[in-house]
Amino acid sequence: MATIRYILRDVFRLLFRHWGLTILTWVTMMAVFLAVGGSFLLTSCAHAVVAKLAGDLTIEAYIAKEFELEALKPKIEAIPHVKEVTLVTPESALARLKELLGEQAQVVELLGENPLPPSLVLQVDDASNADVVAQTLRSLPEIEDVVYAREAANRLARLNAVIRQLTIGIIAVAIMIGILILFNTVRIAVYSRREELAVMLKVGATPTYVAMPFLLQGVILGGLGGISATLILTRAYTVFVKHINRLLPFLMVPEGGTEIFIQLVLLLVGGGMALGWICSWIATSRHIRDALRPL
Amino acid sequence: MATIRYILRDVFRLLFRHWGLTILTWVTMMAVFLAVGGSFLLTSCAHAVVAKLAGDLTIEAYIAKEFELEALKPKIEAIPHVKEVTLVTPESALARLKELLGEQAQVVELLGENPLPPSLVLQVDDASNADVVAQTLRSLPEIEDVVYAREAANRLARLNAVIRQLTIGIIAVAIMIGILILFNTVRIAVYSRREELAVMLKVGATPTYVAMPFLLQGVILGGLGGISATLILTRAYTVFVKHINRLLPFLMVPEGGTEIFIQLVLLLVGGGMALGWICSWIATSRHIRDALRPL
Amino acid sequence: MEIRISGASKIFKPDIVALEDIYITVRPGEFLYLVGPTGSGKSTLLRLITGEARPTRGQITVGPFNLRKMGWGALSYYRRYVGVVFQDFKLLPHLTAYENVAFALEAMGIPPKEIRVKTGEVLDRLGLWRRRFLHPPQLSGGEQQRLAIARAVVKSPSLLIADEPTGNLDANTAEGIMDILLSINASGTTVIMATHNQYIVDTYRARVVELRMGRMTRDEEKGRYGSYGYN
Amino acid sequence: MEIRISGASKIFKPDIVALEDIYITVRPGEFLYLVGPTGSGKSTLLRLITGEARPTRGQITVGPFNLRKMGWGALSYYRRYVGVVFQDFKLLPHLTAYENVAFALEAMGIPPKEIRVKTGEVLDRLGLWRRRFLHPPQLSGGEQQRLAIARAVVKSPSLLIADEPTGNLDANTAEGIMDILLSINASGTTVIMATHNQYIVDTYRARVVELRMGRMTRDEEKGRYGSYGYN
Ligand SMILES: Nc1ncnc2c1ncn2[C@@H]1O[C@H](COP(=O)(O)OP(=O)(O)OP(=O)(O)O)[C@@H](O)[C@H]1O
Ligand SMILES: Nc1ncnc2c1ncn2[C@@H]1O[C@H](COP(=O)(O)OP(=O)(O)OP(=O)(O)O)[C@@H](O)[C@H]1O
Ligand SMILES: [Mg+2]
Ligand SMILES: [Mg+2]
C-alpha cells in the first residue's frame, strides 16, 4: 500500500533530516547499552572467576588404614554435591609434606616409617555446599578425619552470593537509567515536533500514520544502539580478557563464548528495539492525545 | 539592575514551566552522576581492598645463627620500601610449624633439638616492591635465606595495576557518557525553543540576555543532579559497606571517610555545574548564531 | 454535506463567551461568507465545524458526522473530507511547498502517481509551481497563504473551510483566489469563508452570516459586507 | 533616523531575484507606504532594514548604523530603536499577551514599574487589556495582529516597520490602527508600512513606494495604491 511507502519515507526523513540528533541519540543509546552490557559482562565474569576459585577448593578425607581405598571411591562419589574424587596414597602424601616443608624437608627423613594415612581429595560443586559434604563424610565409619578450609569455603560462598546480588543490582540500575535516558531523549525529540504533529492531524492524517514514523525511528535507534554496543562489547571483552589473562593468568577469566553473546544480543538489541518502541509510543501518544483533544 | 531580575525570573520560568522536563533532566543527570560516582566509589573501594591484601603480604628472612637478632632489626628497617619488621625466635617458629602440620604435629616431637633458624618477618609498603626488597635482603651477609610468596606478591601487584587501569577506564567512560547525555538533553531542550530564541533576538534582546537563563538552568540542573547523586551515594555506600563487611569481614572494605566525600562533592557537584554551563553554552550559542545570521 | 448547527455556544474557561446560541443550517453546495469584527467568534465557529473545538452547549452535525461525540478515528476520517485554510496557515516548515500539498494526499493513502498529477496541477493554478522547492519560511506572506489554500483544495473536499484566505493578498490575486473558490463551489463543494474583505463580499455576492460578540446578527442570501466597513 | 538604501539587491540562493537595484532615502519622521503585488519583495526590503537579511549588493544605512557590516552586539543594540510588526506576528506562544509586550521592554533593561505603566497603556489603547492573560494561540487573528503592533509600538521606537499590519483586521479596527500609527509618526517616529489595503493607502495619503518583481516602479509623495487594485 502507498501508505506504508509514505511511512517508511518519513522514517528516513526523521532519521536523516536531523542527522546530528540521530547520531547523538544513537550514541547515547549505545552508551547506555554499553553500560548495561558492560556491567552484565563484568559481573558475569567476576562470577565465573569466583566459581573457578570455588572449584579449586578441596576437602581432604583421611581414611582409616583398614579400609580399601579403591572400594571407597564410588561410595564417596555418590554423595550429593561431590564433583570429583582423587585418591592420595600415603607415599604421595609424604611427598607433598616434604614439598610443604620446603627448606626444612630433611626433618621428614627423621620420621623413618611413613606415618601418614591414605586420603581422598574431593571437589565440591559449589563452595556453599562444602559444609554439608564435610558433615556427610564425617558420619561415614571409613573416614577417620576430614580436613578442609572451612573459612575459605565460607568466604567464597559469601563472596559468590554478594557478587550475585551486585550483578542484579547493577544491571537493574543500569537498565533503569537506560530507560530513563531513552525515554527522555525520545520525549524531547517528539516534543520539539509537537506542533507539526498537531498540524498533520488537522490535515487528515490518522494517529497511526503520524505516530508510526516515530515508533519505527525509536525501534531503529534502539536496535542500532543495541547492535553497536554488542559489537563494541564483544571486541572489548575479547581484548580485555586477553589482557587480564596475560597479566593475571591465575584468575582464568573465561573467554567470551557464543552463548554469552547470544544473551548479550537478546538483552541489548532486543531490549533496545522494544525500549525504543515503548518510549516512542509513550512520548508520541501523549502529544497525539493533546493535539486531538478538542478545545 | 532590572535585567538581572528578569533573567532570574526567566530561569525559574524555564525550570517550572516544563516541570516534567526539568524533573526528567534532573533525574537523568542524577543517574549519570550516580554511574560516575558509583564507579568511582566501587573502584576506589576495590583498590583499598587489594591494598589491604597486599599489606598482609610478608617476606621471611632466615638469619645465620651467629648474628644478633636485635642488632639486625634497625638495619633491615632502613631498607627502602620496608614498612614493618617483626622478630621470630626459633621457639615461636617451631610453634608455627606445629600449627602448620596440624594433625601430624606429633612428627615434630621426633625432631629432638629445635632445628629451625631465627627469622625476621617484613612487611613491604607495596606488593610490587617485594622483589626488590627480597634481593636487597639476599645481598646481606647476615641473611641465610629469604622466603616469600613471590607469585602472590606479583599477582597482587599486577591486580593492583589492573584495578588502577580499570578505575581510570570506567570513570573516563562514565564521564564521557555523562557529558554526551547531558549535552544531548540540553541540546534538544534548547532546540525545541529555538524559534522563541530567534524571536527574542529580533525584538531587541542581546545574545547574553537570551542565553543566560539557559546557562543558569544548565548550572542549576547540573548542580542539583550532582547534589542528589552525592547524597544518594553517601547513604548507599554506608549501607553497602556495612552489608559487605558483615557478609565478608575479611575484605575489610574501608568505611567512607570525609575526604572521599569531599572528592565526590567536588567531582559530582562541581563537575555537574561546570558541565551544565558548558553544555548549555554549546547548545545555546549555536542557535543564537543561527538566529542572528542574516539571510 | 449538510451542516446543522443548533444552539451552539462556546465559552472559554473563565468567562469568555466566544459564541452564544448559534443556529445555522448550510445546504450542500452552498457558498457562505462569515463576517464580523475582530474577535466576534468567526474562527471559533469554523473550529467547531472542523472538530478542533467542541461546543459548550448545542449540537453540530456535518453530513453523517455528529461532531459532539466523535472518537479519534472518526475525527481523522472526517477531516479527509474537509479542506481547511487556517487563518495562520499552519504549514509544515520542514517540508517544501510541494511536499506540504502532497502530504494532505499522502495522509489519505492516495498512490504516488495520482499525487504527482494533482499536486502539480494545484500548485500551477495558484502560481506556486516555480516556488515548489522552497520551504514555507522562505515564501512571501501571500505565497504562504496561497500554499495553505492549495493544500486545502487539492484533496477535492466535500466541505471547504477558509478562514481569512485573502488577508495577505493584493486585490488582483485575491480575485484569482475567489475564482478558484467559486469554481470549486460550482463543482458541488460547500464553501464557508470567514473574511474581512468588503470588496470581495460585495462583488461576489453569496449568503452572508454576520457575527457580533459571539451572536448571530444577520443571515442574508446574497448579502453585503455590512455597516462596520468603511462607510 | 534617516534611512539610505543605495543600489541594494537581494538574490536568494539559486536564482530568485527578490530585490534589484533599490535606491530609497527616507527622511526622519516620514511616513512611507510600501505597496506591490504578492511576492514583489516588500517583506524582503523591510528585512534588509531590520537587519534580518543582508543585501547581496548595495549599501543600507539607518542613522549611524551601517547594516552591511554590523556585529551581533551592534545588531541587538540597533534593534532596540526599531519596532517591527512582522507579517506573521512572531509572538511568543509561551508568554501571555501582557508578557509578550513587557518582554520587549525587559530586553532593554527598563525597570519593572515603568514597564507596568507602559504595557498597560498600550494594551488598553489597542483594546487588548481584557485579553492580557491569554496566550497568543488563544487570541483571535485580529487580536494577535494588534498584539504584534502593541509590542512594536510600546518601546517608542525611532523607526517603526510594519509589514501588512491590517491583514487580519476588519475595516473599523484597521482605521483605529492607522490612527495609532499616525500619532506615533506625528511624535517623530519614521514609519514604513507594507500593505495591500487600498482603502487605507488612498484615505491616509502619504509617500508611496511601489515594488514589482523586485524593482522599484513608483515613488510618489501623497501617492495612491495603484493600478493593480480593484480597478
Ligand atoms: N482558546 C481560547 N481561550 C480563550 N479565549 C479564546 C480562545 N480562542 C478564542 N478566544 C477568544 O474568543 C474570541 C473570539 O475569537 P475568534 O478567533 O473566534 O475571533 P474571530 O472572529 O476569528 O476574530 P478575527 O477576525 O480577529 O480572526 C476572542 O476574543 C478570543 O480572544
Ligand atoms: N529565504 C528565501 N529564500 C528564497 N526565496 C525567498 C526567500 N525569502 C523570500 N523569497 C522569495 O522572494 C520573493 C519576495 O518575497 P517577499 O516576502 O519580499 O514578498 P512580499 O512583497 O512581502 O510579498 P507578500 O505581499 O506576499 O508578503 C518571493 O517570491 C519569495 O518566494
Ligand atoms: Mg479569526
Ligand atoms: Mg510580505
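As a check on your grasp of the helix formula, calculate [θ] at 222 nm for chain C: sum -39500 (n - 2.57) over DSSP H runs of n ≥ 4, divide by the residue count, round to the nearest 500.
Helices in chain C give a 222 nm mean residue ellipticity of -10000 deg cm²/dmol.
Can you tell me which aspartates and glutamates have their Cα less than 18 Å from the Cα of B:K83? Leave out same-chain residues fewer than eight positions away.
Candidates past the 8-residue exclusion: B:D56, B:E60, B:E70, B:D125, B:D126, B:D131.
Using a label point 7 angstrom from Cα along Cα-to-C-beta, what distances in nm, from shortest up, separate B:A48 from the other copies?
So the label point of B:A48 gives 3.0 nm to the other copies.
Give me A:L295, D:L160 sorted ascending by neighbouring Cβ count inside 10 Å, so fewest comes first.
Least crowded to most crowded, the residues run A:L295, D:L160.
Determine, for D:K118, B:K83, the number of other Cβ atoms within 10 Å of each Cβ, and report the residues in order from fewest to most.
Ordered by Cβ neighbours within 10 Å, fewest first: B:K83, D:K118.
Averaged over D:116-129, how many beta carbons belonging to a partner chain fall within 10 Å of each residue's beta carbon?
Shielding by partners across D:116-129 averages 0.
What residues qualify as long-range amide H neighbours of C:R212, i.e. H under 5 Å apart, gap of 5 or more or another chain, H built at 1.01 Å from N?
HN-HN under 5 Å from C:R212: C:T217.
Lys and Arg at +1, Asp and Glu at -1: add these up for the other residues within a Cβ distance under 12 Å of C:P64 and post the number.
So the surrounding residues net to 0.
Give, rounded to the nearest 20 debye, the magnitude of the charge dipole that the protein assembly as shown has about its Cα centre when Lys and Arg contribute +1 at Cβ and Asp and Glu contribute -1 at Cβ.
Computed about the Cα centre, the dipole is about 6800 debye.
Assuming R0 = 51 Å, can you tell me the calculated FRET efficiency for the pair A:A95 and B:L231, based on Cβ-Cβ distance, to the nearest 0.05?
Calculated transfer efficiency: 0.25.
Residue by residue through the stretch D:180-192, what is 3J(HN,Hα) from phi via Karplus (6.51 cos²θ - 1.76 cosθ + 1.60, θ = phi - 60°)? Round to whole Hz and write x for glycine and proline.
5, 4, 5, 6, 5, 4, 5, 7, x, 7, 6, 10, 10
How far apart, in nanometres, would the label points at A:R13 and B:A64 be if each is projected 7 angstrom from Cα along the Cα-to-Cβ direction?
Taking the simple label geometry, A:R13 and B:A64 are separated by 9.4 nm.
Positive end of the dipole of the protein assembly as shown, charges at C-beta (+1 Lys, Arg; -1 Asp, Glu), about the Cα centre: which of D:M108, B:H287, A:I170 has its Cα farthest in that direction?
Toward the positive end, the furthest listed residue is D:M108.
Treat the count of other C-beta atoms within 10 Å as a stand-in for reagent exposure and order A:E84, A:E60, A:E259 from fewest to most.
A:E259, A:E84, A:E60
Ordered by residue, what ³J(HN,Hα) values in Hz, to whole numbers, does the stretch C:89-105 give under the Karplus form 6.51 cos²θ - 1.76 cosθ + 1.60, where θ = phi - 60° and Gly and Pro are x?
6, 6, 7, 8, x, 8, 10, 6, 3, 4, 5, 4, 6, 4, 4, 4, 7
Which whole-number percent is the relative contact order of chain C (Cα, under 8 Å, 6+ apart)?
In percent, rounded to a whole number, it is 27.
State, to one decimal in nm, how far the label point of D:R215 lies from the label point of D:R68, with both points 7 Å from Cα in the Cβ direction.
With each label placed 7 Å out from Cα toward Cβ, I get 2.4 nm.
For chain C, compute the orientation-averaged projected area of the C-alpha convex hull (one quarter of its surface), in nm².
Orientation-averaged projected area of the Cα hull: 12.6 nm².
How far apart are the D:T203 label points across copies, placing each 7 Å from Cα toward Cβ, in nm, shortest first?
Those label-point separations list as 1.9 nm.
Over chain D, what is the percentage of antiparallel beta bridges among all DSSP beta bridges, to the nearest 5?
Roughly 55 percent of the DSSP beta bridges within chain D come out antiparallel.
Express as a percent, rounded to the nearest 5, the fraction of DSSP beta bridges in the protein assembly as shown (both residues included) that run antiparallel.
70
Among the lysines, select those whose C-alpha is under 20 Å from the C-alpha of B:K98, and discard any that sit fewer than 8 residues away in the same chain.
A:K98
Cross-link candidates for C:K69: which lysines have Cα within less than 16 Å, leaving aside residues fewer than 8 places away along the same chain?
C:K10
List, in the order given, every pair from C:K155/D:K90; A:K202/C:K113; A:K202/C:K42; D:K42/D:K90; D:K90/D:K113; D:K42/D:K155 whose Cα-Cα distance in the structure shown is over 21 Å.
Distance filter (> 21 Å) returns C:K155/D:K90; A:K202/C:K113; D:K90/D:K113; D:K42/D:K155.
Quick one: what are the phi-derived ³J(HN,Hα) couplings along the stretch A:264-271, Karplus 6.51/-1.76/1.60 with θ = phi - 60°, whole Hz, x for glycine and proline?
4, 4, 4, 5, 8, 6, x, x
Values in this text are rule-based calculations from the coordinates and carry no lab data. Note that the coordinates shown come from a computational prediction; the quantities given were computed from them, not determined experimentally. Cβ sites come from the backbone with ideal geometry, for glycine too, and all protein chains shown count toward neighbours.
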